[in-house]
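Single-structure report; data block below.
Throughout, read-outs are computed from the coordinates displayed, never taken from laboratory work. As the structure is a computational prediction, the values presented were derived from the model and not from experiment. Cβ coordinates were reconstructed from backbone atoms using ideal geometry, including for glycine residues, and neighbour counts include every protein chain displayed.
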Amino acid sequence: MSWPQIQSYQHRLFSYLAISIGLLSWSQTPTLGQLTSPVAPVEIYQLATPQKLTIPPIAQSELSLTSKSESVSNPGDLFAPPSFNTSIVREFPNVWQMRVPVDQVASLYATYQLKAENGNGNAVSSEQRSDAKLPVILESLPIMEVSRDLNSNTAVVQGGFRLKMDISGAQIAGIYAGELTVVVERR
């Protein structure tokens, strides 16, 4: 399989990237996310990715910027609106794997694009209302070598991304979804 063929495969990595926006919900156990494990790549340049990623609901502790103090310094503070965090960050370090020649490990980089189900780029859309969207930013995490096969002179590498969600413009709470495209190239 040639390198251009690999580039042309824009996998539908996350057909339903589900982001539960549970605004003002009770605290939940912290988890980064649940991935179905990708099948280890057998052939060179074979991109192995999970088919679904579920992001846990946003916990109250992630939203609140207020301290746990129950006192105020002046009576006017009682009428001040509460402060909320409008940006949520989650990391997904091992989203994909690929087998490559050992001498190419250092020259690889990955790009990610997330498209909402309503067609908007760099966003996810509500499953209840397709016009409701949340903007997201995907930042590549470093590609890491997982294993090396001395017989074939190949290595298995893996990569992932940091997902930043801006919830300041959230119109409704619920499940949001999008389609992620992963492209792995050489410099």
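Could you work out the relative contact order of region 122-161, using alpha carbon pairs under 8 angstrom and six or more residues apart, expressed as a whole percent?
32
Just need the relative contact order of region 76-132 here, percent rounded to a whole number, with Cα pairs under 8 Å and 6+ apart. Walk me through the numbers before you get to the answer.
Values: 23 pairs, mean separation 8.3, N = 57.
Relative CO of region 76-132 lands at 14 percent.
In what sequence, highest mean first, do 141-154, 124-137, 162-175 appear when ranked by Cβ atoms within 10 angstrom? Display every interim value, and only then the final one.
Values: 141-154: 12.8, 124-137: 17.9, 162-175: 16.1.
So the order, starting with the most tightly packed, is 124-137, 162-175, 141-154.
Based on the mean of other Cβ atoms within 10 Å per residue, sort peptides 55-62, 41-48 so the most packed one is first.
Packing proxy ranking, top to bottom: 55-62, 41-48.
Quote the relative contact order of region 65-162 in percent (integer), defining contacts as alpha-carbon pairs under 8 Å separated by 6+ residues. Provide the component values of the computation, followed by the final result.
Values: 145 pairs, mean separation 30.1, N = 98.
The value is 31 percent.
Using only alpha carbons, build the gyration tensor for region 99-187 and give me the equivalent ellipsoid semi-axes, biggest first, whole Å.
35, 11, 10
Just to be sure I understand the model, the point goes 7 Å from the Cα along the line to the Cβ. What's the resulting residue 152 to residue 64 distance in nm?
Between residue 152 and residue 64, the simple spin-label model gives 5.2 nm.
Using 1/(1 + (r/R0)^6) with R0 = 41 angstrom and r between the beta carbons of residue 168 and residue 104, what's the FRET efficiency to the nearest 0.05?
0.50
Limiting things to C-alpha atoms, what are the Rg and the maximum Cα-Cα separation (Dmax) for region 78-117, in angstroms?
Here Rg and the maximum Cα pair distance are 19.7, 63 Å.
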